[in-house]
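Q: Before I ask anything, here is the structure I am working with.
The values are calculated or read from the model by the stated rules, or taken from the named source; none is laboratory data. Bear in mind the structure is a predicted one, so any value in this text is a computation, not a measurement. Ideal geometry is used to build each Cβ from the backbone, glycine not excepted, and the neighbour counts take in all protein chains shown. Just the protein is used for accessible areas: all its heavy atoms, side chains included, with ligands, DNA and RNA removed. Shrake-Rupley method; radii C 1.70, N 1.55, O 1.52, S 1.80 Å.
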Amino acid sequence: MSRLEQRLKDKTAVIGIVGLGYVGLPLAVAFAQAGSKVLGFDIQQKRVDLVNKGQSYIVDIDSESLSPAVAKNLLEATTDQSRLKEVDAICICVPTPLTKTKEPDLSAVTYQAEEISKYLQPGQLVVLESTTYPGTTNGVVLQILERSGLKGGQDFHLAYSPERIDPGSKNYNMRNTPKVVGGIDSQSTKLAELLYRQVADVVVPVSCPEVAEMTKIFENVFRSVNIALVNELTLLCEKMGISVWEVIDAAASKPFGYMPFYPGPGIGGHCIPLDPYYLANKAREYDFHTRFIELASDINEQMPYYVASRIMEALNARGKSLNDARVLVLGVAYKKDVDDVRESPSLKLIQLLREKGADLSYHDPNIVNVVIPGGTLTSLELTDELLSTSDCVVIATDHSCYDYQNIVDKATLVFDARGATRKLKRNNIVKL
Ligand SMILES: NC(=O)c1ccc[n+]([C@@H]2O[C@H](COP(=O)([O-])OP(=O)(O)OC[C@H]3O[C@@H](n4cnc5c(N)ncnc54)[C@H](O)[C@@H]3O)[C@@H](O)[C@H]2O)c1
């Protein structure tokens, strides 16, 4: 048995988590709660300081679960990458965004791989968690790590394991969500399996990193395509005078072969709007066009425009033009009960409505300010007066904390882009 295997088994291995964001911080806390010592790395001094004070800045991790780990010396954070030498296993959880022209931007991953290669120790295990196209681990990352002079599979171990976090979910957490792992060789897979068994009940080994990388993108493409399908159906249902929400609920009564997806003002977050492009882009190297992916992205990206035009029509039907109308947007997070505005369709919708002259304000329980083209908006206090003096209240994100009955009772006009009021019957509600 290798030294690392032994250390992982008896939980004496020190785990390094690089990138303490939505993925890395919960992972760091999970390892610490499982009894391992964790050293977290981030380039933002502010985040490092907050972690070391036991204060969380991620909605899914409350300070009550973070601070005991820090107090027991099981979790410490640093910006000093030379301390990578101190850890046995390194999980890379840095961002993988797109460039403005929607090309994969792997700069944080390559920067981090370069940093690790400077301090790489024989026997260490490196696991990439950031979402990326197949070939990143075994190509890009391995090549950079081997600049250390150490050889992958022989002197150090390398694997890919996608994060499957479902932000805001009450049902699924790290423990009950199976974790896929694929190493560059069987020993790397075995060590990655041992590592993640500390935090996940089920670990699913696959034959290589490429399978694990493709699995993650496939899961997100699956969502993107199905959301696009239901968004397209919504447009047709509106023309045919059929409630898409009733159709979805009725279809969901089928106990097999169907899974409900819901329409909305567009897709957001760090995954679904971005990850499919990683694959579409890579596919071009093989003279292959991922038509489903591109069609789905196209339909989903049109949704904020569609919702803006429906709001305009709804106001028009009440003798009011969008220009100068007081529009209150409820929810700017990309989905319910999270505090994340990355790629949020609400922001696009706000921008479009403002461009048409709307006097726009917003409320979100978790997001105090948003930066949009032309300035910064601040969340208003959600009062009955604000609801009743708005010409249109737009439910853009269906946060659980909203009292939807009160919203429809007080507002003159509600445009519901999320089906949050579908059980309520009032003629001031216009549904997507
Ligand atoms: N957020 C999600 O729901 C989710 C789910 C599954 C997968 N992912 C994937 O996980 C990865 C991370 O996403 P996230 O949402 O946690 O991002 P994030 O922006 O919340 O966090 C990334 C963190 O990494 C830090 N960072 C950036 N470059 C760094 C570097 N070189 N060294 C150390 N720290 C660095 C940033 O300061 C930040 O704190 C992405 O590839 C994303 O696609 C995200």
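Q: Quick one: K410 ticks every box in (1) at pLDDT below 95; (2) basic (K, R); (3) touching an Asp or Glu at 6+ places or on another chain (Cβ under 9 Å) except a single one, so which number is it?
A: Condition not satisfied by K410: (1).
Q: Select, from E238, E219, the only residue that is within 16 Å of the ligand (Cβ to nearest atom) and modelled with pLDDT of 95 or more.
A: Criteria check complete, one pass: E219.
Q: Can you name the condition, by its number, that C93 falls short on among (1) in contact with a Gly (Cβ under 7 Å, 6 or more places away or on another chain); (2) of a type in the set (A, V, I, L, M, F, W, C); (3) within 10 Å of the ligand (Cβ to nearest atom); (4) open to solvent by 30 Å² or more (accessible area, probe 1.4 Å)?
A: Failing condition for C93: (4).
Q: Still on this structure, please answer the following. Hey, can you tell me all the residues within segment 271-297 that are open to solvent by 50 Å² or more (accessible area, probe 1.4 Å), farther than 15 Å from N226 by Cα and assigned to a helix (DSSP H, G or I)?
A: Result: R284, single match.
Q: Could you check, for segment 52-60, whether at least one of its residues is surrounded by fewer than 16 Cβ atoms within 10 Å (Cβ to Cβ) and within 9 Å of the ligand (Cβ to nearest atom)?
A: For segment 52-60, residues surrounded by fewer than 16 Cβ atoms within 10 Å (Cβ to Cβ) and within 9 Å of the ligand (Cβ to nearest atom): absent.
Q: Would you point out which residue out of S309, S344 is buried (at least 19 other Cβ atoms within 10 Å of the Cβ) and on the phi < 0 side of the Ramachandran plot?
A: One residue alone meets the criteria, S344.
Q: Can I ask one more? Please verify whether segment 115-128 includes one or more residues that are touching a Gly at 6+ places or on another chain (Cβ under 9 Å) and more than 21 Å from V14 (Cβ to Cβ).
A: Within segment 115-128, not a single residue is touching a Gly at 6+ places or on another chain (Cβ under 9 Å) and more than 21 Å from V14 (Cβ to Cβ).
Q: Same structure again: Being within 16 Å of the ligand (Cβ to nearest atom) and open to solvent by 10 Å² or more (accessible area, probe 1.4 Å) is the filter here; which residues of segment 157-174 pass it?
A: E163, R164, I165, D166, P167, G168, S169, K170, N171, Y172, N173, M174
Q: Looking only at segment 1-44, count every residue that is open to solvent by 50 Å² or more (accessible area, probe 1.4 Å), within 10 Å of the ligand (Cβ to nearest atom) and modelled with pLDDT of 95 or more and tell me the total.
A: Qualifying residue count, segment 1-44: 2.
Q: Restricting attention to strands (runs of 3 or more DSSP E) lying wholly within segment 313-432, give those where 2 or more residues are β-branched (V, I, T).
A: Those strands (runs of 3 or more DSSP E) span 326-330, 369-372, 375-378, 392-395, 429-431.
Q: Considering only segment 304-337, state which residues are under 16 Å from E238 (Cα atoms), among the acidic types (D, E) and touching a residue at least 12 places away in the same chain (Cβ under 8 Å).
A: none
Q: Moving on. On the given criteria, is S169 of a type in the set (S, T, N, Q) and at pLDDT 95 or above? Step through it out loud before you land on a result.
A: Details: of a type in the set (S, T, N, Q): yes; at pLDDT 95 or above: no.
No: the conditions fail for S169.
Q: Checking the conditions here, which among Q143, Q121, Q187, Q154 is open to solvent by 20 Å² or more (accessible area, probe 1.4 Å), in contact with a strand residue (DSSP E or B) (Cβ under 7 Å, 6 or more places away or on another chain), at pLDDT 95 or above and not in a strand (DSSP E or B)? Give the steps one after another, and end with the answer.
A: Numbers: Q143 fails: in contact with a strand residue (DSSP E or B) (Cβ under 7 Å, 6 or more places away or on another chain); Q121 fails: in contact with a strand residue (DSSP E or B) (Cβ under 7 Å, 6 or more places away or on another chain); Q154 fails: in contact with a strand residue (DSSP E or B) (Cβ under 7 Å, 6 or more places away or on another chain).
Of the residues listed, the single one that is open to solvent by 20 Å² or more (accessible area, probe 1.4 Å), in contact with a strand residue (DSSP E or B) (Cβ under 7 Å, 6 or more places away or on another chain), at pLDDT 95 or above and not in a strand (DSSP E or B) is Q187.
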